[in-house]
Amino acid sequence: MNPLGWAGYGAQLGRARSKTGGDESVSWERRGDAVAISFDFRFLGGSVGTATGDLIEEAFTEAGAEGLPVVSVIATGGSRMQEGMASLRQLQRISGLCARHAEVGLPHVSVLCDPTTGGIWASLGAGADVVLAVPGAQVGFAGSRVRPEADLDDPAYTSEGQFAAGAVDLVVEPAELGGVLGALLPLLMGGDLRPASVPRVLGATDLPADGWSAVERARDPRRPRAQAYLDDYFSARVPFSGDRAGGVDPGMLCGIGLHEGRSVVYAAQTGTANTPAGFRTASRVVRLAERLGLPVLTLVDTPGAANDAAAERAGVGPAIAELFGTLAAARVPVTTLVVGEGGSGGALALASPDQTWIAPDAYFSVIAPELAAAILKRDPAQVRATADQLKLRPQDLVELGVVRGIAGP
């Protein structure tokens, strides 16, 4: 394969084949219940040419025919210069294969090794449903030979940097990759469309006497938070991280877990004011659940969306709108439990339109009582009375038809 007639290319290929014992920079095989694509960096820097594209297409075709997930273990410098645009066009081809694989409800997991740069990072790697990376790997669209000299050692071009920027779900030690993949792949393949059950209540079981009591109980630092609910609900789980747009919000816990023998995708607020990255990450995992045909569990607990200037510049309004739209359009069942504060649109955005329950030590309100009083130009002394008027207690919300019921222990 020498579409440009590149002088000496045939000899380069011959030396690479002698060195590696392989025909190309990529090979694939069926390993258990998955199809694995493996890159060999020793073969012309793991670069991608037309024959490489053929092999990747073979792998996805086999996976699609057998109904299997694909795992791409990547180590590459990008496109192969000796094949010019014929090489670069493989990125479109590979992206099309990934898209068709997703369309039929099959997952794709990428594993980023050292290095993962160029177009393969921007197609096969970053385009996967779940992205894992080994520590210290060079990961970036710009390889070390083409990035600005001032940025050569910038940590942005590493696994850890990409994780911090929301482009990688987990950084995993090489010795632990087998265990993580062994847990993750069955979860991605192991669901059905029965709704997720409502988590049992871990905190108070009695109901608040008045509105302000409901607010105080929801804000109590001793109240169980999302982490406790997830630990109690799932027998195993794998976290996902990042919005794939440059952001991570630790106040939005997302991932997939095993509950009573089947897979459930989750998005859970931790009691903080969520940033745009948090809402976009939640949208991302709900869309993944949609593609894979998995039920979704959401846990609501936020005083409201972040309202600072940084949140506005990052698009908090559009991010919330995206999550509202994603949940409204979801064809998979979404179950919601309000476990703490339910403050305004930042809370409602994560709530199922028709399958929302509430814990006895939680509240749900158009806005926090203090802010409602401020909007109404009331004296701060009227905050408690305002909380009563808002009808934000669990029992009030059931009576209003806002929630389906109050969860029990």
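Restricting Ala150, Ala204, Ala142 to those that are part of a helix (DSSP H, G or I), outside the structural domain of Arg280 (by TED's automatic domain parsing), surrounded by fewer than 22 Cβ atoms within 10 Å (Cβ to Cβ) and aliphatic (A, V, I, L, M) reduces the list to Ala150. The sole residue among Ala319, Ala245 that is modelled with pLDDT under 95 and in contact with a helix residue (DSSP H, G or I) (Cβ under 9 Å, 6 or more places away or on another chain) is Ala245.
Sub-6 Å Cβ pairs linking a first residue in the range 91-112 that is closer than 22 Å to Val172 by Cβ to a second residue that is of a type in the set (S, T, N, Q), at least 6 apart or interchain, are Ser110/Ser72, ordered by first then second residue. Summed over the range 307-350, the residues that are surrounded by fewer than 24 Cβ atoms within 10 Å (Cβ to Cβ), in a loop (DSSP other than H, G, I, E, B) and within 22 Å of the chain's Cα centre (by Cα) give a count of 6. Name the residue that is modelled with the lowest pLDDT, counting only residues in the range 131-160 that are within 21 Å of Arg244 (Cβ to Cβ) and aliphatic (A, V, I, L, M). Per the stated criteria, the residue is Ala142.
Annotation: of all residues in the range 24-46 being modelled with pLDDT of 95 or more and in a loop (DSSP other than H, G, I, E, B), the one that is surrounded by the fewest Cβ atoms within 10 Å (Cβ to Cβ) is Arg42. Specify the residue that is nearest to Leu258 (Cα to Cα); the eligible residues are those in the range 168-193 that are assigned to a loop (DSSP other than H, G, I, E, B) and either modelled with pLDDT of 95 or more or polar (S, T, N, Q) (or both). Checking each candidate, the answer is Asp169. Asp354 meets all of the listed conditions (1) among the acidic types (Asp, Glu); (2) outside any loop (DSSP other than H, G, I, E, B); (3) surrounded by fewer than 24 Cβ atoms within 10 Å (Cβ to Cβ) but one, namely (2). Among the residues of the range 173-201, those identified as among the aliphatic types (A, V, I, L, M) and either closer than 30 Å to Thr356 by Cβ or free of Cβ contacts under 8 Å to residues at least 60 places away in the same chain (or both) are Ala175, Val180, Ala183, Leu184, Leu187, Leu188, Met189, Leu193, Ala196, Val198, Val201. Counting only strands (runs of 3 or more DSSP E) wholly contained in the range 51-134, the ones carrying 3 or more residues that are more than 13 Å from Ile37 (Cα to Cα) and under 23 Å from the mean Cα position of the chain (by Cα) occupy 108-117, 130-133. Does at least one position in the range 153-172 carry a residue that is surrounded by fewer than 19 Cβ atoms within 10 Å (Cβ to Cβ), assigned by TED's automatic domain parsing to the domain that holds Ser110 and hydroxyl-bearing (Ser, Thr, Tyr)? No, the range 153-172 contains no residue that is surrounded by fewer than 19 Cβ atoms within 10 Å (Cβ to Cβ), assigned by TED's automatic domain parsing to the domain that holds Ser110 and hydroxyl-bearing (Ser, Thr, Tyr). For the range 243-262, the tally of residues that are in contact (Cβ under 8 Å) with a residue 60 or more places away in the chain and surrounded by fewer than 24 Cβ atoms within 10 Å (Cβ to Cβ) stands at 10. Count of the range 332-349 residues, restricted to those that are modelled with pLDDT of 95 or more, of a type outside the set (Ser, Thr, Tyr) and more than 23 Å from Arg222 (Cα to Cα), is 5.
From the list Ala267, Ala282, Ala218, Ala277, the one residue that fits, being surrounded by 23 or more Cβ atoms within 10 Å (Cβ to Cβ), in contact (Cβ under 8 Å) with a residue 60 or more places away in the chain and either more than 18 Å from Val131 (Cα to Cα) or in the same structural domain as Gln162 (by TED's automatic domain parsing) (or both), is Ala218.
The values are calculated or read from the model by the stated rules, or taken from the named source; none is laboratory data. The structure displayed is predicted, hence computed values, not measured ones. Note that we place each Cβ from the backbone using ideal geometry, even for glycine, and neighbour counts take in every protein chain shown.
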